[in-house]
1. For the stretch 184-217, name all the residues that are in a loop (DSSP other than H, G, I, E, B), within 15 Å of the ligand (Cβ to nearest atom) and touching a helix residue (DSSP H, G or I) at 6+ places or on another chain (Cβ under 9 Å).
2. Among the listed residues I290, I264, identify the single one that is touching a strand residue (DSSP E or B) at 6+ places or on another chain (Cβ under 7 Å) and more than 30 Å from P57 (Cα to Cα).
3. Can you go through D181, D150 and tell me which one is without any contact (Cβ under 8 Å) to a residue 24 or more places away in the chain, open to solvent by 10 Å² or more (accessible area, probe 1.4 Å) and either more than 16 Å from L102 (Cβ to Cβ) or within 14 Å of the ligand (Cβ to nearest atom) (or both)?
4. Could you run through the stretch 157-178 and say how many residues are out of contact with any helix residue (DSSP H, G or I) (no Cβ under 8 Å at 6 or more places or on another chain) and open to solvent by 40 Å² or more (accessible area, probe 1.4 Å)?
5. Within the stretch 35-66, how many residues turn out to be touching a Gly at 6+ places or on another chain (Cβ under 6 Å) and closer than 21 Å to R201 by Cβ?
6. Going by the structure shown, is I165 farther than 23 Å from A297 by Cα and within 16 Å of the ligand (Cβ to nearest atom)?
7. Name the single residue that is farthest from the chain's Cα centre (by Cα) among those in the stretch 82-97 being part of a helix (DSSP H, G or I) and within 9 Å of the ligand (Cβ to nearest atom).
8. I'm told R137 meets every condition in (1) in contact (Cβ under 8 Å) with a residue 60 or more places away in the chain; (2) open to solvent by less than 50 Å² (accessible area, probe 1.4 Å); (3) over 28 Å from A326 (Cβ atoms); (4) part of a helix (DSSP H, G or I) except one. Can you identify the failing condition by its number?
Amino acid sequence: MRLLAKAGAGLLSAHARAVTPCLWRGKYFSSGKEPVENQPVTPILRHLMYKIKSTGPITVAEYMKEVLTNPAKGYYVHRDMLGEKGDFITSPEISQIFGELLGIWFISEWMATGKTAAFQLVELGPGRGTLAGDILRVFSQLGSVLKNCDISIHLVEVSQKLSEIQALTLTEEKVPLERSDGSPVYMKGVSKSGIPISWYRDLRDVPKGYSFYLAHEFFDVLPVHKFQKTPQGWREVFIDIDPQVSDKLRFVLAPCATPAEAFIQHDETRDHVEVCPDAGVIIQELSQRIALTGGAALIADYGHDGTKTDTFRGFCGHKLHDVLIAPGTADLTADVDFSYLRRMAQEKVASLGPIKQQTFLKNMGIDVRLKVLLDKSDEPSLRQQLLQGYDMLMNPKKMGERFNFFALLPHQRLHGGSHQSNSRQSKPSPTPVAGFSELVWQ
Ligand code: SAH
């Protein structure tokens, strides 16, 4: 707990953050169903209808990908959808404590693995940059611990709009951003504390090297294929034009088996399954990198361990939104299947979790941190925000049990020693991984 106490001593100051009755994407919503005739024909709908007319029905994965990240009109590409005025709110936007504890997690892992001379912090889907900002503030506050460590930040982001907002949040305005549209590193800047930041569209373009990877509410927006068990066997769900209603889409089942069926486990007992191959590719890349160069990945999202069925849903203005209506105007998401992520790691690395957000944050010392901040703030409205934020993050009926933490680590991190170690020598016993057990400061 010393690290927390230390972070609390110099720090801060509670930062004002919105905790009005916004809702998050973990299914806490009122019905947002509108009559079809009131829904506009969006540019993405027009584009998809044209595509379906030319080449036939499309998979749910193709639909999700087009709707969310089409470079011209995708939902994520040109707007800021986060926060009270947007469509959903996330933990880092609710409370500064969330990012601070994650910052401490990375420092604690860095220390447990021998304090390398340098590390990269790589965030996938950084939203407004709020989480990275809170982590960087902790890194600054703990500068004496991290001194002589060469840190760089690498952000993987497809949204032009959000990358601009991230730059505003994180960089020192006096140092101009470097832009290079055609290059894999499409923007470069320097953080307020002097740390270099680079932006990429694809994880594969991030330099390899000792890295900590972070993905918060990222995997749930990756495209899923959906399959339904029928008396004839598994059939993939497709999206087609509704012949009864003009400008309307509908779900249909493939008349015969499709190649994507290979994703279904032979012993699958559910009658409806969602599979996210893009998540599998990213997990394989992360696992290879971590196995090769060390570090860790921390993944936090809502999801399940291979038990849920139909979780594909849309959010608009903090309400549930029909996924097929006015595509491009609402967020689309599906719960993350952590059992699939674990399988995709292919034992190249060890995995921990998923564990509930409430347990993870408790283990990281959220109660101590809250107390430090409350003791330091006299302003009643700020104290109220801190308490409301804590409740949103921790209450099992709110985000506490809906969100999960999952980590990928080199095998030797959990079992001690290294691949090279002589088996006759006694292995040093590894420190427990913070969050997944109580934070212990060595
Ligand atoms: N992590 C943030 C934002 C979550 S929203 C938070 O918790 O507040 C999802 C984020 O992933 C957005 O920044 C979105 O633009 C980004 N994103 C969506 N699809 C992506 C993709 N295929 N590659 C990289 N980033 C993506």
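The values are calculated or read from the model by the stated rules, or taken from the named source; none is laboratory data. Nothing here was measured: the structure is a model prediction, and the numbers come from that model. As a convention, Cβ positions derive from the backbone with ideal geometry for all residues, glycine included, and neighbour counts pool all protein chains shown. Side chains are part of the model used for accessible areas, which takes the heavy atoms of the whole protein and leaves out ligands, DNA and RNA. Shrake-Rupley method; radii C 1.70, N 1.55, O 1.52, S 1.80 Å.
1. Let us first name the residues in the stretch 184-217 that are in a loop (DSSP other than H, G, I, E, B), namely 184, 192-195, 201-202, 206-210, 217.
If we keep only those that are within 15 Å of the ligand (Cβ to nearest atom) too, we end up with 184, 201-202, 206, 217.
Across the stretch 184-217, the qualifying residues are P184, V206, E217.
2. Being touching a strand residue (DSSP E or B) at 6+ places or on another chain (Cβ under 7 Å) and more than 30 Å from P57 (Cα to Cα) holds for just one of I290, I264, which is I290.
3. D181
4. Qualifying residue count for the region: 10.
5. Going through the stretch 35-66, the residues touching a Gly at 6+ places or on another chain (Cβ under 6 Å) turn out to be 42, 44.
Then keep just the ones that are closer than 21 Å to R201 by Cβ; that gives 44.
Residues meeting the conditions: 1.
6. Yes: the conditions hold for I165.
7. Going residue by residue through the stretch 82-97, those that are part of a helix (DSSP H, G or I) are 91-94, 96-97.
Applying the additional criterion that residues be within 9 Å of the ligand (Cβ to nearest atom) yields 91-93.
Details: S91: 11, P92: 11, E93: 13 Å.
Result: E93.
8. (2)
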